[in-house]
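Here the structure is laid out as structure tokens; the discussion comes afterwards.
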Amino acid sequence: MRGVPHERGIDRGCAHPAARSRRLGTAERPDRTGETPELAARREAREETGLIGDIKTKIDTIKYSYTAKWEDPPTRIFKIVTFFLLQFTGGNPEDHDREVERVEWFPIDDAIRHASYKQEKDVLKKARELISSGE
């Protein structure tokens, strides 16, 4: 599950964790036993960005795969990820976990430009539409 925190007003739009691999992305990890997708998204946003938010709406679900080259033998990993729009309510971006190097606020259009993957750009574009429509 992935959470896309946003804050209305000023020039803030979207918080992004920068992973140690230098890629820009949104918080994600498979959910834990008994954890709803919404709770997983809130937990991941809190853990990886240090930010807290209220779920506003589901943005989209995507599927992708990659090869875990560090495995012996390399293993194909398939993922299904659901994105949720979170309204920022608190927290501190300096309180992120060690999985990410830093967390930054971007205006939503900058977040779209800086996202590392096309599917994430598409999800952020949908998030921008939802924010613009008052979600």
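Determine the gain in length on full extension of the stretch I77-K126; use 0.36 nm per residue of separation and subtract their C-alpha separation, reporting nm with one decimal.
15.1 nm
Highest mean packing comes first when the peptides 44-56, 108-120 are listed by Cβ atoms within 10 Å, giving 44-56, 108-120. Using the Cβ-Cβ distance between Y117 and L39 with R0 set to 25 Å, the FRET efficiency works out to roughly 0.50.
Values quoted throughout were computed directly from the atomic coordinates according to the rules given, and no laboratory measurement underlies them. All values reported here derive from a predicted model rather than from experimental measurement. Every residue, glycine among them, receives a Cβ derived from its backbone with ideal geometry; neighbour counts consider all protein chains shown.
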